[in-house]
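J.: First, the structure itself, so that you have it in front of you.
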Amino acid sequence: MKFYFALTILILLSACGSHNSSGNRQHGGVDNPLAPSQEKSGFDLSFFKANSNYQDDKKPYDDVDQYENNTKYERKITYYYSYTLEVDDVENKVKRVEEIANTNNGYVQNKTNGRLTLKIPTPKVDFVISEISQLGEIVNKYQQASDITSSYYDAKLRLENMLKTRERYLELLAKAENVETTLKVERELERLLYDIESLKGQIEVMQSQVDFTTITVNLEKSSTPGPVGWIFYGLYKSIKWLIVWD
């Protein structure tokens, strides 16, 4: 009796499981209404897409990381140097720094008293620094390098995509059949042209930073120590010699 009762329960459980499985299969293809929507960000081309065969499957940012280790892309490195020197004649040495910059195809971007900001062609930076270092005693120096490869080529790719989009807009404008469509396309085209010019400016700035290195030179009047000062100066030199050997 117990055996038949257990067998009956087992059959009922099997039937319920089969029913639930069938229900799940019937509803498996229904989208979840609570699932988050997939929204695309970036340049608004809704009107353009509705009136053309525009495709945007590939985003400008999809392959940004490829630039770091891809040998076909030239690395874009910017450099910055800052030197502080003590000199005997600040005014005379300022003129000398200007001469060094000009004779090496560079220029003085800014000058305030004994502080100069130079723009020097990157291949000539080492020579220019060597020349400036001989003008006095270096009391402080700072060097920095920044890799802008990804930012540079990402901007180039976005510009390329914008230029292609502009051509499609012009095609659509030529096919416009009424005033309303013409005005809509012209507004989008005007906004796109503004973005193109802005991006071109960013690319030019980055390329200029790569081609010309910034060097800041601070020239300070060297002080002559008195009798007591020479004692402390000699003591400083002795301690430095004991601790640091060049």
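The values are calculated or read from the model by the stated rules, or taken from the named source; none is laboratory data. What you are looking at is a predicted structure, and each value in this text was computed from that prediction instead of being measured. Cβ coordinates were reconstructed from backbone atoms using ideal geometry, including for glycine residues, and neighbour counts include every protein chain displayed.
J.: Scan the range 167-219 residue by residue and report those that are surrounded by 13 or more Cβ atoms within 10 Å (Cβ to Cβ), within 22 Å of Lys156 (Cβ to Cβ) and more than 21 Å from the chain's Cα centre (by Cα).
T.: If the condition is that a residue be surrounded by 13 or more Cβ atoms within 10 Å (Cβ to Cβ), within 22 Å of Lys156 (Cβ to Cβ) and more than 21 Å from the chain's Cα centre (by Cα), then Arg168, Tyr169, Leu189, Leu192, Leu193 are the ones that fit.
J.: Next up: Within the range 123-148, which residues are β-branched (Val, Ile, Thr) and under 14 Å from Tyr79 (Cβ atoms)? Quick ask: steps written out before the conclusion?
T.: The initial filter retains those residues of the range 123-148 that are β-branched (Val, Ile, Thr), namely 125, 128-129, 132, 138-139, 148.
Within the range 123-148, Val125, Val128, Ile129, Ile148 qualify.
J.: Does Asn161 meet the test of being among the polar types (S, T, N, Q), in contact (Cβ under 8 Å) with a residue 24 or more places away in the chain and not in a helix (DSSP H, G or I)?
T.: Values: among the polar types (S, T, N, Q): yes; in contact (Cβ under 8 Å) with a residue 24 or more places away in the chain: yes; not in a helix (DSSP H, G or I): no.
Against the criterion (among the polar types (S, T, N, Q), in contact (Cβ under 8 Å) with a residue 24 or more places away in the chain and not in a helix (DSSP H, G or I)), Asn161 does not qualify.
J.: Could you figure out which of (1) among the charged types (D, E, K, R); (2) without any contact (Cβ under 8 Å) to a residue 12 or more places away in the chain; (3) in contact with a helix residue (DSSP H, G or I) (Cβ under 6 Å, 6 or more places away or on another chain) isn't true of Lys76?
T.: Checking Lys76 against (1) among the charged types (D, E, K, R); (2) without any contact (Cβ under 8 Å) to a residue 12 or more places away in the chain; (3) in contact with a helix residue (DSSP H, G or I) (Cβ under 6 Å, 6 or more places away or on another chain), the one that fails is (2).
J.: Against the definition (surrounded by fewer than 16 Cβ atoms within 10 Å (Cβ to Cβ), in a helix (DSSP H, G or I), at pLDDT 95 or above and within 33 Å of the chain's Cα centre (by Cα)), how does Ser146 come out, yes or no? Spell out how you get there, then give the answer.
T.: On the way: surrounded by fewer than 16 Cβ atoms within 10 Å (Cβ to Cβ): yes; in a helix (DSSP H, G or I): no; at pLDDT 95 or above: yes; within 33 Å of the chain's Cα centre (by Cα): yes.
Judged against the criteria, Ser146 is not a match.
J.: Shifting gears a bit: Going through Lys111, Lys200, Lys124, Lys141 one at a time, which residue ends up being under 30 Å from Asn92 (Cβ atoms) and part of a helix (DSSP H, G or I)? Before you say what the answer is, go through the steps one by one.
T.: Details: Lys111 fails: part of a helix (DSSP H, G or I); Lys200 fails: under 30 Å from Asn92 (Cβ atoms); Lys141 fails: part of a helix (DSSP H, G or I).
Step by step, each of Lys111, Lys200, Lys124, Lys141 is checked, and only Lys124 is under 30 Å from Asn92 (Cβ atoms) and part of a helix (DSSP H, G or I).
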